[in-house]
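Taken together, the values in this text are just the output of simple stated rules run on the coordinates, not laboratory data. Please read all numbers here as calculations on a predicted model, not as lab measurements. We place every Cβ from the backbone using ideal geometry, glycine too, and count neighbours over all the protein chains shown.
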Amino acid sequence: MNIITAAGSFLIVGATVGEATREHSRFMVEALVPEIVTERFHGDTAAMAEAIERLRRPAQAFFPEAMEYMAGLARGTGIDRSDLLAVLFAEDLNAVPAAPRPEKCSTMVVSTDRGRVVGHNEDFWPSFLGRMAVLDLTFDGFPRTVSLNYPGHLPHLAGSLNEAGIAVTNNSLWPPATPGLSKQFKHFRAALSRTMAEAQDALCSGPQSLTDHYTVISDREGVARSIEVSHALNSESDAEARDIGDGPFCHTNSVLYLPLREPDPNPAAKCRRLAALQELGRDRPPSSAQEMFDLLCRPDGILNRGPGNDLLGRPNSVTLATVVMRPRTNEFWCRQYGLEDEYDARVVL
């Protein structure tokens, strides 16, 4: 697997990552931008530019350093920043009421004799298959952080662990998007946190663009939390956080406890992946990082799905990678899947 290491300012790190991911980032722009323009905006590039600007403004105000990173990424890849922003905000732009809701990520947390272990299968569009990278980055003034990443995006969004013992994973939920703060920027900032309070404040900042779930572990504080956020609530708050305890804890792409104004388009009762995770947690929970890794790497067609092995029958989603993190020992394990090969990476912070 491609492991990219960089340190310095947000601009310098972005440029370094951009140079190393230039080919895949250009592929994503060529594959995604015309599709978004055609299917979401009916060929109206001006309308897409306006939608991107509505997302950029609050993101810029929330975490301006992230936009410095994007400027560096544009420099390193040689791609116009406007095209990179279209890729960056692709999930926000495509989260509309009539859009299909493919299966996506799965997360499990267990307690072991060596601390909590979080396992996560990252599921998304097949166009990303074989194009992910592990980033080992140190931004000036922030803790060193290792993570799984999408080309052309902000770092730390598909499972991250930093040297302060903060681990973060994300599962997308399915109510439609509204104008607000993109999770790309909130998750990036949370991944660089040194405490649970700092990470939670970043993730719960609103208004929310998307409805999402985050699993956050702060090993040094002995705390693990499940955080669901949404704009579409029957409450004054945009978010609800619950302590996980000793687990096992499982989450997929269904809202489990937020008071939504409208019914969840992907109710938990219909989610086979959540049921499969809960059964494993009840009957044979993994007792180590290795057992968690072996469990989630097994191609069962439900929790781990490839192009030719999908028992769920939902289009436009495959398992891109498996991530396992053990914050107490600062271990990050990852397996990336491709069309023919698999690539493993293990980093100790």
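Taking the helices alone, the chain has a mean residue ellipticity at 222 nm of -10000 deg cm²/dmol, built from -39,500 (n - 2.57) per DSSP H run of at least 4 residues and averaged over all its residues. Toward the positive end of the charge dipole of the chain, with +1 on the Cβ of Lys and Arg and -1 on the Cβ of Asp and Glu, the farthest Cα among Ala197, Ser25, Thr169 is that of Ala197. Measuring nothing but how far apart in sequence close Cα pairs (under 8 Å, 6+ apart) lie, relative to its length, the range 69-147 scores a relative contact order of 15 percent. Taking other C-beta atoms within 10 Å as the exposure proxy, Thr112, Thr77 rank Thr112, Thr77 from fewest upward.
Derived value for the chain: Kirkwood hydrodynamic radius 19.9 Å. Basis is the mean of 1/r over every pair of different alpha-carbon atoms.
As a proxy for reagent exposure, ranking Leu161, Leu11, Leu137 by other Cβ atoms within 10 Å from fewest up yields Leu11, Leu137, Leu161.
Check which residues have an amide H placed less than 5 Å from Leu192's amide H, if you skip close sequence neighbours. Under 5 Å from the amide H of Leu192: no residue qualifies. For the range 163-227 versus the range 1-80, the inter-centroid distance based on Cα atoms is 21 Å.
3J(HN,Hα) couplings calculated from phi for the range 140-157 with the Karplus curve 6.51 cos²θ - 1.76 cosθ + 1.60 (θ = phi - 60°) are, in sequence order, 3, x, 10, x, 4, 9, 10, 6, 8, 9, 8, x, x, 10, 5, x, 6, 9 Hz; Gly and Pro show x.
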